[in-house]
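The values are calculated or read from the model by the stated rules, or taken from the named source; none is laboratory data. Predicted model only: the values in this text are computed from it and were never measured. Cβ: placed from backbone, ideal geometry, glycine included. Neighbour counts: every protein chain shown.
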Amino acid sequence: MKLNRPVTTLFMLSSLDGKISTGAIDARDVDKDFPKIKGVKEGLKQYYQLELRTDIHSFNTGRVMAKISMNKPQKNIKKIKCSFILVDNTHLTSTGIKNLLRKVRKLYLITTNNKHPAFKQTENNLEIIFYKNKINFKNLFNQLKKTYGINRVTIQSGGTMNSILIREGLIDRVSLVIAPCLIGGKDTPTLVDGDSLRSQADLKKIKALKLKKFTRLKNHYLHLVYEVINNK
């Protein structure tokens, strides 16, 4: 079936128990912490090697960018060929936006904040997509293909955003690298967070998966690729 939106892949690094962070505060982060953990650090580079093969359009959030210090002044920023599609209202500062514009081929900033610092930027590699009240993600992804000609997108956002996109039927594949560790913590972000399901009617929000590829990597890492069965 031909889609009227980009084909999407959720690409993430996760612990065996589904955690995508090493703790419940922003200071804890797998990129910072995994290299310090014996038994985990040895195979970590395989994730970054796979990341290099992802789509040239990457979907994420301003919160994630702020967490990785994008708002801090940076002198030497290496330009990449990838374009970023970022959802943000309040996390990115003017410095963060300038850093991103220096870093990426093109920045698509999606916001409901008409005073977002991005509006003060004049660089030609910035595209702002504004929604007045609430972001309509189905409409957004339709626009990405119809207006901007984007055919494939890799999603690397946090658990809350992932849950929105999953439940809207906007994720087609899951490419998951599993690190050989258990993190735990009920407040630690997982692959898919969002509101918990409660009623029987909520069961329709559960997305079944079809395993397409299984690869045993070195140092006890796994790479799993699933197709999401987006039943309407």
* Structure fact -> The lone condition Asp33 fails out of (1) closer than 26 Å to Thr190 by Cα; (2) out of contact with any Asp or Glu (no Cβ under 9 Å at 6 or more places or on another chain); (3) surrounded by fewer than 15 Cβ atoms within 10 Å (Cβ to Cβ) is (3)
* Structure fact -> When Asn60 is run through (1) in a loop (DSSP other than H, G, I, E, B); (2) in contact (Cβ under 8 Å) with a residue 60 or more places away in the chain; (3) touching a Ser or Thr at 6+ places or on another chain (Cβ under 8 Å), the failure sits at (1)
* Structure fact -> Lys210 fails exactly one of (1) surrounded by 14 or more Cβ atoms within 10 Å (Cβ to Cβ); (2) assigned to a strand (DSSP E or B), namely (1)
* Members of the range 36-54 found to be surrounded by 18 or more Cβ atoms within 10 Å (Cβ to Cβ) and either assigned by TED's automatic domain parsing to the domain that holds Leu109 or hydroxyl-bearing (Ser, Thr, Tyr) (or both), listed by number -> Tyr47
* Is there a residue in the range 72-95 that is modelled with pLDDT of 95 or more, outside any loop (DSSP other than H, G, I, E, B), among the β-branched types (Val, Ile, Thr) and over 15 Å from the mean Cα position of the chain (by Cα)? -> yes
* Asked: Which one of Leu182, Leu197, Leu170 is touching a strand residue (DSSP E or B) at 6+ places or on another chain (Cβ under 9 Å), in a loop (DSSP other than H, G, I, E, B) and farther than 23 Å from Gln46 by Cβ?
  -> Leu170
